[in-house]
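Let me begin by presenting the structure, written as structure tokens, before commenting on it.
The values are calculated or read from the model by the stated rules, or taken from the named source; none is laboratory data. These figures come from a predicted structure and were not determined experimentally. In this analysis, Cβ positions are derived from the backbone assuming ideal geometry, glycine residues included, and neighbour counts consider all displayed protein chains. Side chains are part of the model used for accessible areas, which takes the heavy atoms of the whole protein and leaves out ligands, DNA and RNA. Shrake-Rupley method; radii C 1.70, N 1.55, O 1.52, S 1.80 Å.
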Amino acid sequence: MAYSTALAGIHSPDEEEKQTNPRGDGGKREREKSPGRGSDFSELSRRIADAGLLRRRPLYYTVRFTAVGLALGGGAAAFLLLGDSWSQLFVAAALAVVFGQLGLAAHDLAHRQVFSRRRPSETGGLLVANVLLGMSYGWWMNKHTRHHANPNHENKDPDVAPDIIVWSRRQARQAKGPARFIGRHQAALFFPLLTLEGLNLSFSSFRALRSPSMKRPVLEGALLVAHFAVYFGGLFTLLSPGKALAFIAVHQGLFGLYLGSVFAPNHKGMPMVEEGTELDFLRRQVLTSRNVDGGALTDVFMGGLNYQIEHHLFPSMPTPALAKAQVITERYCAELGIPYCRSGLVASHRTALRHLREVGAPLREAGR
């Protein structure tokens, strides 16, 4: 495998990806040469800072957020103008894309890519996530922070928790309930399940309001209720019940599919980290993440998350700086012999689906 077995406790991904690893030793020589492993990231951080890639980009975010706001306003206007018509399903599809872009905006706000200070970041996050999307900013922030701290860690990353999908053979062998059935066929069911992701985000948000980790449950709950009062109220007031339900199905289904298609290529099918594995910050983030190639359209579609390696290394880096950071980071990883994974969008999904099928094998074997 291209990912060195010297990195004990990490399961290797598929070999289909393009990787930069001239020595093929997973950076083992560098670790033997430098006892202070944290210095590896410090040197990269210095190069990134010297290139000026951490400074704020207010003009970029002003233009981007204005464009998304205008798209949202245009969708709302089209909804009001069309009235009780089946043509509203086209509006639902368009708004699914807009909601996906709002989700990416909330993500950037949460990471303080837009504002350096906490207060405006949280205010913007509550407005975009709770009011416009119907998703708890506080809940998602807590969940996403834990993901960034331990990406693809079987026990610490909530994004690979064995809920209804299993992400490793260990999880498959321990699966219970719905996960045992779904895990057998999860590769085939993955994209259909993504259509429920938008609804799952909202359901999980309401459920999290009772969690002691929520800082402002009353405020967040009120904002969520306000969102759905306007959302469902507008739909069932203007549309017949059948058309309203169809609108919800198309809008929420495509919204979930969009979000899933953006986030899934970043880590799925990459190495899973077991308990007890010791990796420094640089290697933990690089080895478990994948960049997605594709040019300007991919940058817009994925909101910069196609530069997942750089985003994990520098979460507060503004989106337009990620492409330049990618060149510096990939070159630096080549110097250290650290595998650096890049793939096309379709190939990354293919690898993720293959991984889901492989890790579900124990469940299929048990069902024979």
Inset, instruction - For residues that are modelled with pLDDT under 95 and either loosely packed, with under 15 Cβ neighbours inside 10 Å or not basic (Lys, Arg) (or both), tally how many sit in region 31-55. - result: 8
Inset, instruction - Restricting attention to region 249-280, report how many residues are open to solvent by 20 Å² or more (accessible area, probe 1.4 Å), farther than 30 Å from Trp86 by Cβ and among the β-branched types (Val, Ile, Thr). - result: 1
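Could you please let me know if Val262 is part of a helix (DSSP H, G or I), in contact with a Gly (Cβ under 8 Å, 6 or more places away or on another chain) and of a type in the set (A, V, I, L, M, F, W, C)?
Yes; evaluated as a whole, the condition is true for this residue.
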Legend entry - Meets criteria (open to solvent by 80 Å² or more (accessible area, probe 1.4 Å) and farther than 29 Å from Asn130 by Cα) for Arg207: no
Legend entry - Candidate set from region 109-124 (those that are within 20 Å of the chain's Cα centre (by Cα) and surrounded by fewer than 24 Cβ atoms within 10 Å (Cβ to Cβ)); member that is farthest from Phe206 (Cα to Cα): Arg112
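Looking at this structure, is Thr20 within 26 Å of Val262 (Cβ to Cβ), modelled with pLDDT of 95 or more and of a type in the set (Ser, Thr, Tyr)?
no
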Inset, instruction - Name every residue in region 56-81 that is within 25 Å of Ala246 (Cα to Cα) and loosely packed, with under 12 Cβ neighbours inside 10 Å, in order of residue number. - result: Leu70, Gly73, Ala77, Leu80, Leu81
Inset, instruction - Please state which one of Gly198, Gly138, Gly183 is open to solvent by less than 20 Å² (accessible area, probe 1.4 Å) and within 28 Å of Arg284 (Cα to Cα). - result: Gly183
Legend entry - Number of the exception - Asp84 against (1) surrounded by 15 or more Cβ atoms within 10 Å (Cβ to Cβ); (2) more than 30 Å from Arg284 (Cβ to Cβ): (1)
Legend entry - Qualifying residue in region 309-321 (condition: modelled with pLDDT of 95 or more, part of a helix (DSSP H, G or I) and open to solvent by 10 Å² or more (accessible area, probe 1.4 Å)): yes
Legend entry - Top-ranked residue of region 280-306 - restricted to ones that are of a type in the set (S, T, N, Q) and assigned to a helix (DSSP H, G or I), ranked as nearest to Glu43 (Cα to Cα): Gln285
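Quick one: in region 281-298, which of the residues that are of a type in the set (D, E, K, R) and open to solvent by 10 Å² or more (accessible area, probe 1.4 Å) is farthest from Pro265 (Cα to Cα)?
Selected residue: Arg284.
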Inset, instruction - Please indicate, with yes or no, whether at least one residue in region 339-357 is buried (at least 18 other Cβ atoms within 10 Å of the Cβ), among the small types (Gly, Ala, Ser), assigned to a helix (DSSP H, G or I) and touching a strand residue (DSSP E or B) at 6+ places or on another chain (Cβ under 6 Å). - result: yes
